[in-house]
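These notes are about the structure you will find just below.
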Amino acid sequence: MRIAPARVKDVAGVVLLEREIVEAPHWAEAEYVAIVDAVEGSLRRCLLVAWQDEAMMGFAVGKVIGAEAELESVAVRSSARRGGVGLALCAAVVDWAWAQGAEGMDLEVRASSAGAIGLYRRLGFQDAGRRRGYYSDPQEDAVLMRLEQG
């Protein structure tokens with residue numbers, strides 16, 4: 001498996017994969033293109049893609065504003081789950097954020113996503129709070145998690 005920054009030609013595959021995953025946030029294709037085409041500024045974002053041979057196995061989106069980062073989205077093809085793809089993608093986004101000067105990273109995850117919460121804890125994320133009724137379809141709380149550099 002290899003992880004690489006997405007290129008514009010990868011965006012259609014990212015959108016197709018995202019649509020296969022019900023719990024993934026569904027963004028417009030133009031938003032992914034904007035991440036890939038972004039110029040340096042106060043808001044920096046990355047879109048990383050995991051490949052197995054020529055097949056897209058997953059992707060992750062991160063952003064950095066000043067010293068703060070956020071893991072915005074992680075999506076892994078169902079056939080590749082529990083195989084280390086999500087862990088590798090998240091670790092790559094964390095490494096990218098630290099290289100951008102971030103000192104901490106936040107994320108939010110559905111309270112029922114025990115597998116994802118366990119993955120984030122393996123990376124060192126700690127529980128930081130809860131947003132009641134944050135998600136819809138179905139309505140559910142968000143668990144807030146934070147990782148400090150170091």
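The values are calculated or read from the model by the stated rules, or taken from the named source; none is laboratory data. In this text, all values refer to a predicted model and were calculated from it rather than measured experimentally. Every residue, glycine as well, gets a Cβ built from its backbone with ideal geometry; the counts of neighbours run over all protein chains shown.
Taken over the stretch 1-22, residues that are of a type outside the set (A, V, I, L, M), under 22 Å from Leu107 (Cβ atoms) and part of a helix (DSSP H, G or I) amount to 3. The residues of the stretch 46-84 that are under 14 Å from Ala4 (Cα atoms) and of a type in the set (D, E, K, R), listed by number, are Asp53, Glu54.
Being surrounded by fewer than 18 Cβ atoms within 10 Å (Cβ to Cβ), farther than 26 Å from Gly66 by Cβ and in contact (Cβ under 8 Å) with a residue 60 or more places away in the chain narrows it down to one of Arg110, Arg81, Arg132, Arg122, so name that one. Of the residues listed, the single one that is surrounded by fewer than 18 Cβ atoms within 10 Å (Cβ to Cβ), farther than 26 Å from Gly66 by Cβ and in contact (Cβ under 8 Å) with a residue 60 or more places away in the chain is Arg110. Just one of the listed residues (Ala116, Ala92, Ala97) is more than 12 Å from Cys46 (Cα to Cα) and either under 14 Å from the mean Cα position of the chain (by Cα) or among the hydrophobic types (A, V, I, L, M, F, W, C) (or both), and it is Ala116. Would you mind stating whether Ile3 is touching a residue at least 60 places away in the same chain (Cβ under 8 Å), touching a strand residue (DSSP E or B) at 6+ places or on another chain (Cβ under 7 Å), surrounded by 14 or more Cβ atoms within 10 Å (Cβ to Cβ) and within 16 Å of Val93 (Cα to Cα)? Considered against the rule, which asks whether it is touching a residue at least 60 places away in the same chain (Cβ under 8 Å), touching a strand residue (DSSP E or B) at 6+ places or on another chain (Cβ under 7 Å), surrounded by 14 or more Cβ atoms within 10 Å (Cβ to Cβ) and within 16 Å of Val93 (Cα to Cα), Ile3 comes out as yes.
Which residues, taken from the stretch 135-150, are in contact with a Phe, Trp or Tyr (Cβ under 9 Å, 6 or more places away or on another chain) and in contact (Cβ under 8 Å) with a residue 40 or more places away in the chain? Within the stretch 135-150, Arg146, Leu147, Gln149 qualify. Only residues that are over 20 Å from Lys63 (Cβ atoms) and either assigned to a loop (DSSP other than H, G, I, E, B) or in contact with a Gly (Cβ under 7 Å, 6 or more places away or on another chain) (or both) were counted across the stretch 99-133, and they come to 3. Residue count for the stretch 23-55 under the criterion of being free of Cβ contacts under 8 Å to residues at least 40 places away in the same chain, part of a loop (DSSP other than H, G, I, E, B) and within 15 Å of the chain's Cα centre (by Cα): the result is 1. When the stretch 120-141 is filtered for residues that are at pLDDT below 95 and not charged (D, E, K, R), the ones remaining, listed by number, are Gly133, Tyr134, Tyr135, Ser136, Pro138, Gln139.
Of all the criteria given as (1) out of contact with any helix residue (DSSP H, G or I) (no Cβ under 6 Å at 6 or more places or on another chain); (2) assigned to a strand (DSSP E or B); (3) of a type in the set (Gly, Ala, Ser), the one not satisfied by Ala75 is (1). Could we say that Ala102 is within 24 Å of Leu43 (Cα to Cα), buried (at least 17 other Cβ atoms within 10 Å of the Cβ) and either in contact (Cβ under 8 Å) with a residue 12 or more places away in the chain or in contact with a Cys (Cβ under 6 Å, 6 or more places away or on another chain) (or both) here? Spelling it out, Ala102 is indeed within 24 Å of Leu43 (Cα to Cα), buried (at least 17 other Cβ atoms within 10 Å of the Cβ) and either in contact (Cβ under 8 Å) with a residue 12 or more places away in the chain or in contact with a Cys (Cβ under 6 Å, 6 or more places away or on another chain) (or both). Evaluating Trp96 against the criteria (1) of a type outside the set (Val, Ile, Thr); (2) in contact with a Leu (Cβ under 6 Å, 6 or more places away or on another chain); (3) buried (at least 16 other Cβ atoms within 10 Å of the Cβ); (4) not in a strand (DSSP E or B) leaves one unmet condition, (2).
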